[in-house]
Amino acid sequence: MVVENKIFFSGRFAGPMALLLSFILLTGCGSLKTNKKFYEPITAELQNGNYETAVAQIETAQSEKKYQKKDRFVYFIDAGLAYHYAADINNSNQKLTQAENAADDLFTKSITRAAASLLLNDNVLEYSGEDYEILYTNLFMALNYIATNNFDDAFVETKRANEKLNLLEQKYRKASDDYNQGIEDDTDVVKINYEAKKVRFNNDSFARYLSMRMYAAEGKLDDAIIDYNLLKRAFIEQPYIYNFDMPDVKYLPENKDNTIFSVVGLAGLSPVKEALDLRLRTDKDLNLVQILYTDPERQDSEYGHLALPVSEDYYFKFSIPQIVSRPSFIDKINVYANSEYLGELQLLEDVGAVANETFEAKKSLIYLRTVARAIFKGLAAHKAKQKEDKDKKEGAFGNWLKKALIDVATDISENADLRCSRLLPGKIYVGDFEIAPGNYNIRIEFLDKYSNIISTKEIDDYKVLKNGLNLIEAFSLN
Amino acid sequence: MKKLFILMILVLMIIGCGSSRQIERLAPETQTDISGRWNDTDARLVAEEMIDDCLRRPWLTDFVASAGEKPVVTVGTIRNKSNEHIDAETFTTDFERELINAGQVRFVAGRDQRQEIREERFEQQDFASRETMKKIRAETGADFIILGAIKSITDEAEGVRVVYYQTDLEMINIETMEKVWIGTKKIKKGISQGKTKW
């Protein structure tokens with residue numbers, strides 16, 4: 001340690017680089033990078049329909065501290081979803097409530113962590129959940145309450161989901177004001193102005209559908225019609241999210257002797273955050289910072305640029321999170337009652353589109369924060385290496401070692417924050433079928449594009465009531 | 001540089017330090033507001049004040065004057081139409097307790113309890129001795145039922161939330177469907193959350 005301390009704090013390195021190296025040593029690399037490898041067996045079990053095993057694996061991961069305290073929101077939502085798939089309603093509600101409470105509590109940001117993130121990366125921050133994750137926390141709790149015929153509590157969840165959507169635009173406007181104010185107050189930080197991207201999502205079709213069906217089941221047709229119209233508006237006013245035909249949802253049967261039997265089908269897995277590796281190149285003559293792609297297909301083509309006064313020419317590698325969809329085998333979901341074909345479920349919500357739209361507003365803020373940090377760190381590393389070249393007091397090997405250490409420190413510290421729930425479904429389908437009240441053997445088939453059956457859910461002797469909510473949920477996360 | 005390093009160590013120590021848990025026993029009637037959500041204090045205050053209001057209204061004296069006995073009351077469904085999870089059972093129990101303790105009305109069990117007790121009575125017909133068996137069709141029928149709902153409106157911006165709760169209760173004559181009392185209790189709470197912490 002004496003040797004290391006001498007190297008780090010001898011005063012030969014530029015101050016910020018010594019600070020960065022010390023931060024890395026003290027926080028440990030685990031806090032600097034998103035741990036996602038342990039998800040692989042969990043998602044495999046979920047896709048094989050072994051939901052209890054997936055629950056056990058998540059709880060083991062938690063006990064083995066694979067979810068750190070700063071990542072508790074991710075644990076709560078993952079566990080809540082896994083328990084939901086395993087039909088353990090009580091535990092699912094408990095975990096999802098904890099997820100929602102954690103997101104609320106984490107509105108209060110840690111100053112120390114924020115300071116550390118300015119030098120390291122966003123992984124050191126406490127993760128308070130993406131807006132789409134918090135939205136589905138409420139909607140999965142609504143599904144849990146519907147499963148236990150507890151409409152009052154299910155309504156609570158749909159109302160909370162809608163309230164949160166109404167606050168989104170305000171939230172990001174405030175975030176941009178805070179960012180710009182922070183830049184003005186801090187003379188050391190690279191100045192990049194940010195204009196908030198408008199959030200174009202304030203009406204969720206799945207929340208509207210659930211409350212429409214519940215109001216209809218309670219005989220409150222006026223309220224059901226209001227939600228039906230709001231659902232229609234979600235499709236009309238948000239075509240960038242709902243770029244497909246609105247499903248044929250129903251709140252009332254055409255034949256008075258019949259009733260509505262509803263199926264909610266969840267298919268595939270939601271998109272996840274993956275790192276987009278970029279490279280920063282400065283040009284002091286042009287006062288230009290260029291951001292370039294690094295992948296082989298787009299190498300050195302421009303991702304973006306900023307007109308900023310820079311004092312040195314240097315390169316710096318960094319990465320930002322991007323939403324990447326996961327392919328699903330499910331192409332069609334067919335529903336049968338007493339072996340008679342009732343129909344096909346229709347797409348109501350693409351979770352990926354919702355995730356993209358809500359993340360987009362945040363992405364530009366993350367991008368600018370990361371670029372500002374990269375410019376600062378890149379410059380510090382460049383100057384520290386220049387100083388080593390100039391001094392050459394440690395001999396060739398010593399100087400090489402120090403320069404290598406600078407590169408390692410900047411490489412280790414610069415990681416995209418890829419934390420997100422990896423257990424949400426990819427797409428939500430619904431079907432409202434008009435049938436006579438009675439008992440039915442229900443079969444729901446999930447098919448791939450070649451009409452192969454991927455998975456089947458069967459419910460024997462399901463009682464379809466004349467008055468009441470006849471809604472069942474089926475899922476195949478393949 | 002040295003100062004900066006010491007500062008950094010302090011920052012990291014604060015990141016790593018969690019607060020230790022402290023436990024303190026509280027009297028049940030202590031007013032507690034932690035999360036800002038609906039809690040036992042709200043339920044108790046609403047029950048006490050609304051039942052007090054209900055029992056001071058003329059319907060009670062009118063009934064006693066005409067029937068010559070205390071009215072028999074039951075509590076029906078109090079629906080949660082708010083945007084928070086409210087334990088309706090605890091809330092209903094608070095109403096029942098206040099009504100019974102006031103001593104001005106007689107009280108019969110609510111729907112769920114009646115159902116359970118009836119099952120017990122039916123079982124007694126088969127399994128209890130003739131001397132101890134309780135009669136069927138000997139229940140006291142309620143004269144009035146209390147029905148109601150809790151609603152809420154939330155206004156929220158930048159870490160400040162104002163929640164307005166309104167509890168509406170109605171006393172309805174079961175035979176005539178006449179509404180003899182309508183009461184409303186309003187609670188408004190302001191909840192603010194700091195933007196930063198260490």
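Quick look at the numbers
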item: Out of A:VAL55, A:VAL74, sole residue that is among the hydrophobic types (A, V, I, L, M, F, W, C), in contact with a Lys or Arg (Cβ under 7 Å, 6 or more places away or on another chain), within 25 Å of A:LEU135 (Cβ to Cβ) and assigned to a helix (DSSP H, G or I); result: A:VAL74
item: When residues of region A:52-70 are limited to those that are closer than 23 Å to A:ILE89 by Cα and of a type outside the set (A, V, I, L, M, F, W, C), the one surrounded by the most Cβ atoms within 10 Å (Cβ to Cβ); result: A:TYR67
item: B:VAL46 being away from chain A (no Cβ under 11 Å), assigned to a helix (DSSP H, G or I), modelled with pLDDT of 85 or more and surrounded by fewer than 15 Cβ atoms within 10 Å (Cβ to Cβ); result: no
item: Top-ranked residue of region B:160-198 - restricted to ones that are more than 30 Å from B:PRO71 (Cα to Cα) and either in contact with a Lys or Arg (Cβ under 6 Å, 6 or more places away or on another chain) or aliphatic (A, V, I, L, M) (or both), ranked as nearest to the other protein chains (Cβ to nearest Cβ); result: B:THR196
item: Where B:GLU29 falls short, out of the listed (1) at pLDDT below 80; (2) part of a helix (DSSP H, G or I); (3) touching a Lys or Arg at 6+ places or on another chain (Cβ under 8 Å); result: (2)
item: Count of residues meeting criterion [farther than 24 Å from B:ASP53 by Cα and within 19 Å of the chain's Cα centre (by Cα)] in region B:156-166; result: 0
item: Residue list for region B:144-159, restricted to those being under 27 Å from A:ASP152 (Cβ atoms) and not small (Gly, Ala, Ser); result: B:PHE144, B:ILE145, B:ILE146, B:LEU147, B:ILE150, B:LYS151, B:ILE153, B:THR154, B:ASP155, B:GLU156
item: Scan of region B:159-173 for residues that are crowded, with 16+ Cβ neighbours inside 10 Å and either more than 19 Å from B:PHE95 (Cβ to Cβ) or in contact with a helix residue (DSSP H, G or I) (Cβ under 6 Å, 6 or more places away or on another chain) (or both), ordered by number; result: B:ARG161, B:VAL163, B:THR167, B:LEU169
item: Residue match in region B:109-129 (condition: in a loop (DSSP other than H, G, I, E, B), in contact with an Asp or Glu (Cβ under 6 Å, 6 or more places away or on another chain) and more than 24 Å from A:ASP104 (Cβ to Cβ)); result: no
item: Condition check for A:ALA54: in contact with a Leu (Cβ under 6 Å, 6 or more places away or on another chain) and closer than 21 Å to A:GLY268 by Cα; result: yes
item: Which listed residue is more than 19 Å from the chain's Cα centre (by Cα), within 11 Å of chain B (Cβ to nearest Cβ) and farther than 18 Å from A:THR34 by Cβ, from A:ASN101, A:ASN162, A:ASN150; result: A:ASN150
item: Yes/no for B:ILE153 being surrounded by 11 or more Cβ atoms within 10 Å (Cβ to Cβ), within 14 Å of chain A (Cβ to nearest Cβ) and either closer than 23 Å to B:GLU178 by Cα or within 20 Å of the chain's Cα centre (by Cα) (or both); result: yes
item: Residue, modelled with the lowest pLDDT, within region B:84-108, restricted to residues that are under 30 Å from B:TRP59 (Cα atoms) and outside any helix (DSSP H, G or I); result: B:ASP87
item: Enumeration of residues in region A:110-140 that are more than 23 Å from A:ALA161 (Cβ to Cβ), in contact with a Phe, Trp or Tyr (Cβ under 9 Å, 6 or more places away or on another chain) and either modelled with pLDDT of 95 or more or more than 12 Å from chain B (Cβ to nearest Cβ) (or both); result: A:ASN121
item: Given (1) over 30 Å from A:PHE107 (Cα atoms); (2) basic (Lys, Arg); (3) over 20 Å from the mean Cα position of the chain (by Cα), index of the condition B:LYS185 fails; result: (3)
item: Unmet requirement for A:PHE107, which otherwise passes all of (1) under 23 Å from A:ASN356 (Cα atoms); (2) within 9 Å of chain B (Cβ to nearest Cβ); (3) part of a helix (DSSP H, G or I); (4) under 18 Å from the mean Cα position of the chain (by Cα); result: (3)
item: Candidate set from region B:130-150 (those that are of a type in the set (Gly, Ala, Ser) and part of a strand (DSSP E or B)); member that is surrounded by the fewest Cβ atoms within 10 Å (Cβ to Cβ); result: B:ALA149
item: Some residue of region A:36-52 being within 23 Å of A:ASP417 (Cα to Cα), assigned to a loop (DSSP other than H, G, I, E, B) and either in contact (Cβ under 8 Å) with a residue 40 or more places away in the chain or in contact with a strand residue (DSSP E or B) (Cβ under 8 Å, 6 or more places away or on another chain) (or both); result: yes
item: Qualifying residue in region A:266-275 (condition: within 30 Å of A:PRO425 (Cβ to Cβ) and free of Cβ contacts under 8 Å to residues at least 60 places away in the same chain); result: no
item: Lone qualifier among B:ALA109, B:ALA142, B:ALA149, B:ALA157 - being without any contact (Cβ under 8 Å) to a residue 24 or more places away in the chain and small (Gly, Ala, Ser); result: B:ALA157
item: In region A:421-478, residue surrounded by the most Cβ atoms within 10 Å (Cβ to Cβ) [restricted to those that are of a type in the set (Phe, Trp, Tyr) and assigned to a strand (DSSP E or B)]; result: A:PHE446
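Yes/no matrix, rows are residues, columns are (1) farther than 30 Å from A:MET141 by Cα; (2) within 14 Å of chain A (Cβ to nearest Cβ); (3) of a type in the set (S, T, N, Q):
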{"position": "B:ILE78", "(1), (2), (3)": "no, yes, no"}
{"position": "B:ALA88", "(1), (2), (3)": "no, yes, no"}
{"position": "B:GLU119", "(1), (2), (3)": "yes, no, no"}
{"position": "B:ALA128", "(1), (2), (3)": "yes, no, no"}
{"position": "B:LYS135", "(1), (2), (3)": "yes, no, no"}
{"position": "B:THR140", "(1), (2), (3)": "yes, no, yes"}
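The values are calculated or read from the model by the stated rules, or taken from the named source; none is laboratory data. This structure is a prediction, so every number in the text was calculated from the model and none was measured. Counting neighbours? That spans all protein chains shown, and the Cβs are built from the backbone with ideal geometry, glycine included.
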